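A.B. asks: Below is one structure. I have some questions about it.
The values are calculated or read from the model by the stated rules, or taken from the named source; none is laboratory data. Computed from a predicted model, the values in this text were never measured in an experiment. Positions of Cβ are generated from backbone atoms using ideal geometry, with glycine treated the same way; all protein chains shown enter the neighbour counts. We work out accessible area using only protein heavy atoms, side chains counted, and drop any ligands, DNA or RNA first. Shrake-Rupley method; radii C 1.70, N 1.55, O 1.52, S 1.80 Å.
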Amino acid sequence: MSSTTRKPWRLARGTSAVVIAALTAVLAACGSSGGASASGGGSSPAAGGGSVRASGGVDLSGVNLKISYQTAEFPALLKASGLFSNLPYKYEVPIINGPANQLAALYGSQIDVGEAGDNTGAFEVANATTDWAKTGPPIQSFAIVYTPKAPHPSPAVFVTKSSGIKTLADLKGKKIGYNYGGNIYAGYVALLAQAGLSPKDVKPVQFPANQAAANAFNAGDLDAVVSSYSVVQKPVDSGQATQIADPHSLGIIGGGGWIARTSVLKDPVKLAAIKDFFTRLRTFYEQWVPAHEDAYEHVLETVSNQTPKIAKINYENAKYTTFYKIGSPQFSKIQQEIVDGAYKIGGLKSDADGKIGYTTEFDGILTSSG
């Protein structure tokens, strides 16, 4: 396949509309109450690591990190935890909906760190217009979270009862919703590969974000969607829709992750601040969330306007969140299998080695076996 070929069903990273949408979202988020910031000197060391100032003697007073999330509740959750107060640096949390827009903001140098999927680093290597092995990667994934014991793992494949779909093979000729850039896209290409289908065999509909795809599915505009149970709960619980695959059956991790500009990771001062932030984030996920169900659900209900039922579903998944070791052979194997499968069906420009899209710099502070 020509390296210049662009698929109509794939959100082209270089299109001005995507970049404008992402940068507009960043500016709006940074100027509103959705963007969180914190500053101050000296804070308690987070569990699993110590204060960067104390351990490395790095002056972080001039650092202002922009660490973007995709959904609005996270700044409030970080604040509620108390783990991100009185930091030796400042941080902002712009809210940018959808991994593709997160990537556009990264490439546009509007944020330092973006939230995407565990597969995003490998996808970007395979879709790059240049050989990153020769030029060096402009962005790299450095932290991956997943929920191995979640009762409702994501992404999953949901189908309407009226579609008559029972198996992945039955998706042929059906309208499938998904979004590009993260684990939803990994689920989409994995289901096609398992079913022996290509994008030409189905009617793919690409959305800018997971919620948009779920809304279309809930409205009856799609036969199937790659999404999360919490956002398609109503038709599933009513019997109008059902789940036919999950990350385990699709052979993917189904995790989230953070990806940064390589120039940021090479800046020793910003790197020290990011390591401190993510040491605290590990404590947040692995210790604070499991011990604070009421506080977690309260934020989801009041900030994201989730019903108590949906907030509880999301909490029951979130309390199992932990970090995946990027340097493990299993991680690289899974990512490369997804890239190879996506390339085979015409979903990526190449089947390049995705390892260059990741760094193991954070494994030692984020994973117990690091």
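A.B. asks: Exactly one of (1) within 21 Å of the chain's Cα centre (by Cα); (2) under 24 Å from A272 (Cβ atoms); (3) crowded, with 19+ Cβ neighbours inside 10 Å is unmet by K79. Its number?
C.D. replies: Answer for K79: the failing condition is (3).
A.B. asks: Shifting gears a bit: Looking for something among the polar types (S, T, N, Q), open to solvent by 10 Å² or more (accessible area, probe 1.4 Å) and closer than 29 Å to A241 by Cα - is there at least one such residue anywhere in the range 136-151? Full working, then the answer.
C.D. replies: The first filter runs over the range 136-151 and keeps only residues among the polar types (S, T, N, Q), leaving 140-141, 147.
Now narrow it down to the ones that are open to solvent by 10 Å² or more (accessible area, probe 1.4 Å): 140, 147.
Next, from what is left, pick out any that are closer than 29 Å to A241 by Cα: 147.
Yes - at least one qualifying residue is present in the range 136-151.
A.B. asks: Could you check the range 189-210 and list, in sequence order, the residues that are touching a residue at least 40 places away in the same chain (Cβ under 8 Å) and closer than 18 Å to Q243 by Cβ?
C.D. replies: Selection gives A190, L191, L192, Q194, N210.
A.B. asks: Oh, and also: Kindly indicate whether any position in the range 318-330 is assigned to a helix (DSSP H, G or I), at negative phi and charged (D, E, K, R). Even if it seems obvious, please write down each step before you answer.
C.D. replies: Keep residues of the range 318-330 that are assigned to a helix (DSSP H, G or I), which gives 318, 329-330.
Those still in the list that are at negative phi too: 318, 329-330.
Still in the list and also charged (D, E, K, R): none.
The answer is no, given that none of the residues of the range 318-330 is assigned to a helix (DSSP H, G or I), at negative phi and charged (D, E, K, R).
A.B. asks: Continuing with the same structure: Quick one: is T302 farther than 18 Å from R280 by Cα, among the β-branched types (V, I, T) and surrounded by 16 or more Cβ atoms within 10 Å (Cβ to Cβ)? Break it down stepwise before answering.
C.D. replies: On the way: farther than 18 Å from R280 by Cα: yes; among the β-branched types (V, I, T): yes; surrounded by 16 or more Cβ atoms within 10 Å (Cβ to Cβ): no.
Here the answer is no, as T302 does not meet what is asked.
Matching residues to (1) modelled with pLDDT under 95; (2) closer than 22 Å to L271 by Cα; (3) not in a strand (DSSP E or B):
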{"residue": "F84", "(1), (2), (3)": "no, yes, yes"}
{"residue": "Y91", "(1), (2), (3)": "no, yes, no"}
{"residue": "N97", "(1), (2), (3)": "yes, no, yes"}
{"residue": "A105", "(1), (2), (3)": "no, yes, yes"}
{"residue": "Q110", "(1), (2), (3)": "no, yes, yes"}
{"residue": "G114", "(1), (2), (3)": "no, yes, no"}
{"residue": "A133", "(1), (2), (3)": "yes, no, yes"}
{"residue": "Q140", "(1), (2), (3)": "no, yes, no"}
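A.B. asks: Being in contact with a strand residue (DSSP E or B) (Cβ under 7 Å, 6 or more places away or on another chain) and open to solvent by 10 Å² or more (accessible area, probe 1.4 Å) is true for just one of Y320, Y285, Y296, Y343. Which residue is that?
C.D. replies: Going through Y320, Y285, Y296, Y343 in turn, just one is in contact with a strand residue (DSSP E or B) (Cβ under 7 Å, 6 or more places away or on another chain) and open to solvent by 10 Å² or more (accessible area, probe 1.4 Å): Y285.
A.B. asks: Sticking with this structure for a sec: Which of the following residues is buried (at least 22 other Cβ atoms within 10 Å of the Cβ) and closer than 24 Å to G357 by Cα: L250, L271? Explain how you work it out, then say what you get.
C.D. replies: Working: L271 fails: buried (at least 22 other Cβ atoms within 10 Å of the Cβ).
Being buried (at least 22 other Cβ atoms within 10 Å of the Cβ) and closer than 24 Å to G357 by Cα holds for just one of L250, L271, which is L250.
A.B. asks: I want to confirm something. Restricting to the range 196-233 and keeping residues that are in contact with a Pro (Cβ under 7 Å, 6 or more places away or on another chain) and open to solvent by less than 40 Å² (accessible area, probe 1.4 Å), which single residue is farthest from A318 (Cα to Cα)? It would help to see each step written out before you state the result.
C.D. replies: Taking the range 196-233 first, the residues in contact with a Pro (Cβ under 7 Å, 6 or more places away or on another chain) are 218, 226-228.
Checking which are open to solvent by less than 40 Å² (accessible area, probe 1.4 Å) leaves us with 226-228.
Numbers: V226: 19, S227: 16, S228: 13 Å.
Here the residue is V226.
A.B. asks: May I pose another question? So which residues in the range 142-159 are in contact with an Asp or Glu (Cβ under 7 Å, 6 or more places away or on another chain) and outside any strand (DSSP E or B), if there are any at all?
C.D. replies: Hits for the range 142-159 are P151, P153.
A.B. asks: Considering only residues that are in contact with an Asp or Glu (Cβ under 8 Å, 6 or more places away or on another chain) and in a loop (DSSP other than H, G, I, E, B), look in the range 336-359 and name the one that is nearest to A186 (Cα to Cα).
C.D. replies: For the range 336-359, the residue satisfying everything is D351.
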